[in-house]
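Presented below is the structure to which this report refers.
The values are calculated or read from the model by the stated rules, or taken from the named source; none is laboratory data. Nothing here was measured: the structure is a model prediction, and the numbers come from that model. Neighbour counts are summed over all protein chains in view; Cβ atoms, including those assigned to glycine, are modelled from backbone coordinates with ideal geometry. Surface areas here come from the heavy atoms of the whole protein model, side chains and all, with no ligands, DNA or RNA. Shrake-Rupley method; radii C 1.70, N 1.55, O 1.52, S 1.80 Å.
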Amino acid sequence: MDSKKNIQEKAAPQKPAEKEGFFSALLSSLFKSSSPEAEKKRRLKLIAKNITKSKFHSFYRTSSGELLAPFGKFVFDLYKAVSPAQTVFRNAQNPAIFKRQIVNYVMSENQLAILDQLDEQKILEMAKTVPLAQLQQQIEQKLQAFTNEFNESKAAKADNLEKAFTLFQDFCSFDFYMIIKKFDSSYREYSFNALPRLDKVNGEYIIDDLKDFLSVAYNITDDSVDWNQLFDMLKATQNRELVSAANWKKIIARIKNLQLSKTLDYIVQHISEDPNYETQVSYHHAGIIEPYIEKIENDTRNLLAKIETEQKESKASSICMQIFGTANPQSLKYYVSSFNPQLEKKDLAIFEYTEPLNYLKTFLVEFVKKVIREYYDVVVIRGQWDATLSAPMSNAYQELLKISDEITEFDETMAEDGMLGVKIKTLLPKTAHDAGAENIINRVVSDANESARGYIIQATQNLIVIGKTIKQLIEDYVLPKPVLVQNWKELEKYIELPMKEFSVNIYKKIYLFAQLMQTYIS
């Protein structure tokens with residue numbers, strides 16, 4: 001009975017207290033000042049009271065708005081614990097290496113083996129012995145096999161590791177030194193042999209640093225992050241602990257305590273005199289598997305394109321040497337590659353067929369109009385053979401002469417005072433602020449490229465007709481009783497070389513030139 005009575009006596013005063021608290025709050029709400037400034041002061045006063053009641057009250061002096069030595073010591077301890085990681089991140093020559101290590105970490109042994117085979121040097125070595133088309137097919141198959149193994153499970157693991165790593169890196173890379181320097185101006189970076197001479201600091205002098213610190217510190221308290229998985233990855237890829245797992249758990253525990261107490265949030269609100277201030281905590285996720293795959297594919301395909309270009313240039317140079325005796329004959333003046341840089345600078349279309357059109361014009365001038373003309377004058381004009389058989393060669397030859405003249409006229413239109421060149425010259429300065437000018441230039445250049453390609457295709461087709469006819473004539477010449485041309489012996493006296501040698505040389509040049517053009521228009 002006595003015990004029950006005691007309980008009742010203890011419980012009895014609680015009801016009036018609850019009523020008194022209710023009415024007190026009601027009166028306060030009814031008669032409080034309507035002044036926003038007064039309300040702000042009331043809230044700041046309450047914030048100051050919360051700080052003094054916090055177990056972290058030693059961090060800040062509310063009466064003077066100063067951060068004190070214990071907070072400096074807290075920051076120094078964090079700085080000391082994460083400094084090995086901070087040094088690694090700061091000295092990394094290529095920061096992207098860490099994201100690549102994450103992806104490599106989740107790969108299978110087969111993927112790592114394929115990745116090794118996609119190494120630039122290995123592809124370059126293969127290109128020396130494997131035909132380009134076959135090499136391209138093999139590489140595409142390897143890329144497909146490589147990407148197919150990135151299933152949802154691997155992608156999720158990589159994304160989780162990326163999130164943990166980003167939060168870890170952001171925290172470890174925070175400029176703790178700058179805060180400590182404000183407590184002790186004589187402190188030297190990464191000096192951990194002795195505690196700095198920590199003095200009090202005016203809150204206004206450190207408020208921005210404090211806000212930045214909270215934005216990275218509160219991120220690491222995310223319970224969804226698997227820190228064990230991250231530390232396993234770091235240990236496997238770095239061959240050392242950047243921060244010991246035990247120390248990291250202690251850091252998170254301490255930050256969580258601070259976050260739950262809201263002491264640092266209150267301190268920021270008090271210093272800035274902004275009771276509504278809230279720490280902005282955000283993590284911007286970006287998947288790393290797709291960008292990684294895209295980079296591997298782009299790098300590999302760009303390498304294959306580079307190999308193809310180099311092989312084409314090498315082949316072109318070799319053929320040019322055999323045909324012209326030089327690797328870079330020049331005939332055109334205005335439709336030339338040297339004009340392209342100023343177009344590329346403005347991200348405009350460029351002249352695409354400058355090299356093959358230049359080779360074609362040179363071949364037409366130096367070979368068709370000289371060597372083939374001599375052959376034509378002797379064999380077609382003086383030869384005794386059926387006109388229906390010689391007509392295709394005759395027509396092809398006349399077409400080549402016509403194309404040669406058209407290319408000259410076309411090249412002249414691209415001159416600065418030419419019909420198309422003056423248009424480009426006038427509009428080029430306007431492209432920065434006039435999309436219409438850009439469109440017109442692109443159209444002019446595109447049309448020019450189409451014309452150049454057309455000349456190349458037409459001329460090559462006509463040369464092939466001549467080449468096929470000459471091949472038939474060579475075969476006819478060596479017959480005991482020729483069928484196509486009746487007067488071969490008579491024609492011999494009009495040329496200096498033996499007819500067969502003369503014919504074979506022309507056929508070879510045409511064959512080589514057709515090969516050269518094929519590298520550009522295939």
(message) Conditions first: (1) among the charged types (D, E, K, R); (2) at pLDDT 95 or above; (3) surrounded by fewer than 14 Cβ atoms within 10 Å (Cβ to Cβ). E496 passes all but one, so which condition is the exception?
(response) (2)
(message) I need every pair where a residue in the stretch 394-412 that is more than 9 Å from A459 (Cβ to Cβ) and free of Cβ contacts under 8 Å to residues at least 40 places away in the same chain has its Cβ under 8 Å from the Cβ of a residue that is part of a helix (DSSP H, G or I) and open to solvent by 60 Å² or more (accessible area, probe 1.4 Å), sequence separation at least 6 or different chains.
(response) L401/K369
(message) For a quick check of your reading: which helices (runs of 4 or more DSSP H) sit entirely within the stretch 410-502 and have at least 1 residues that are over 15 Å from G383 (Cα atoms)?
(response) 421-427, 435-477
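Pick out the one residue from K315, K295, K361 that is open to solvent by 40 Å² or more (accessible area, probe 1.4 Å), of a type outside the set (S, T, N, Q) and either at pLDDT 95 or above or farther than 25 Å from A514 by Cα (or both). Let's see the steps before the verdict.
Values: K315 fails: either at pLDDT 95 or above or farther than 25 Å from A514 by Cα (or both); K361 fails: open to solvent by 40 Å² or more (accessible area, probe 1.4 Å).
Of K315, K295, K361, the one residue that is open to solvent by 40 Å² or more (accessible area, probe 1.4 Å), of a type outside the set (S, T, N, Q) and either at pLDDT 95 or above or farther than 25 Å from A514 by Cα (or both) is K295.
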(request) Mind listing just one residue for me: the one in the stretch 42-63 that is part of a loop (DSSP other than H, G, I, E, B) and either in contact (Cβ under 8 Å) with a residue 40 or more places away in the chain or of a type outside the set (S, T, Y) (or both) and, of those, farthest from A236 (Cα to Cα)? (result) T62
(message) Residue pairs, Cβ under 7 Å, 6 or more apart or interchain, first in the stretch 256-285 and more than 14 Å from L210 (Cβ to Cβ), second in a loop (DSSP other than H, G, I, E, B) and of a type outside the set (G, A, S). List them.
(response) S261/K55; S261/F56
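Going by what's in this entry, would G383 be described as outside any helix (DSSP H, G or I), in contact (Cβ under 8 Å) with a residue 60 or more places away in the chain and within 30 Å of W488 (Cα to Cα)? I'd like the intermediate steps shown before the answer.
Values: outside any helix (DSSP H, G or I): yes; in contact (Cβ under 8 Å) with a residue 60 or more places away in the chain: yes; within 30 Å of W488 (Cα to Cα): yes.
Answer is yes for this residue.
Would you mention how many residues in the stretch 423-433 are open to solvent by less than 60 Å² (accessible area, probe 1.4 Å) and either among the hydrophobic types (A, V, I, L, M, F, W, C) or without any contact (Cβ under 8 Å) to a residue 24 or more places away in the chain (or both)? Walk me through it before giving the result.
First, the residues of the stretch 423-433 that are open to solvent by less than 60 Å² (accessible area, probe 1.4 Å): 424, 427-428, 431.
Among the residues that remain, those that are also either among the hydrophobic types (A, V, I, L, M, F, W, C) or without any contact (Cβ under 8 Å) to a residue 24 or more places away in the chain (or both) are: 424, 427-428.
So the answer is 3.
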(request) Can you tell me which residue within the stretch 218-236, out of those that are assigned to a helix (DSSP H, G or I), without any contact (Cβ under 8 Å) to a residue 60 or more places away in the chain and more than 31 Å from the chain's Cα centre (by Cα), is farthest from V281 (Cα to Cα)? (result) N228
(request) Being open to solvent by 70 Å² or more (accessible area, probe 1.4 Å) and of a type in the set (A, V, I, L, M, F, W, C) is the filter here, so list the residues in the stretch 150-186 that pass it. (result) M178
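Looking only at the stretch 187-238, which residues are of a type in the set (S, T, N, Q), out of contact with any strand residue (DSSP E or B) (no Cβ under 9 Å at 6 or more places or on another chain), open to solvent by 60 Å² or more (accessible area, probe 1.4 Å) and more than 21 Å from T87 (Cα to Cα)? Step through it out loud before you land on a result.
Quick first cut of the stretch 187-238, residues of a type in the set (S, T, N, Q) only: 191, 193, 202, 215, 219, 221, 224, 228-229, 237-238.
Retained after the next criterion (residues that are out of contact with any strand residue (DSSP E or B) (no Cβ under 9 Å at 6 or more places or on another chain)): 191, 193, 215, 219, 221, 224, 228-229, 237-238.
The next check asks that each one be open to solvent by 60 Å² or more (accessible area, probe 1.4 Å); those that pass are 193, 224, 228.
Answer for the stretch 187-238, where residues must be of a type in the set (S, T, N, Q), out of contact with any strand residue (DSSP E or B) (no Cβ under 9 Å at 6 or more places or on another chain), open to solvent by 60 Å² or more (accessible area, probe 1.4 Å) and more than 21 Å from T87 (Cα to Cα): S224, N228.
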(message) Where the second residue is at pLDDT below 90 and of a type in the set (A, V, I, L, M) and the first is more than 14 Å from T408 (Cβ to Cβ) and lies in the stretch 318-338, which pairs have Cβ atoms under 7 Å and are six or more apart or on separate chains?
(response) C320/A327; M321/A327
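Just for the stretch 298-312: of the residues that are surrounded by 13 or more Cβ atoms within 10 Å (Cβ to Cβ) and of a type in the set (D, E, K, R), which one is farthest from T129 (Cα to Cα)? Working first, answer last.
Within the stretch 298-312, the subset surrounded by 13 or more Cβ atoms within 10 Å (Cβ to Cβ) is 300-301, 303-304, 306-308, 311-312.
Narrowing the set further to residues that are of a type in the set (D, E, K, R) leaves 301, 306, 308, 312.
Numbers: R301: 18, K306: 16, E308: 14, K312: 16 Å.
Checked the stretch 298-312; the qualifying residue farthest from T129 (Cα to Cα) is R301.
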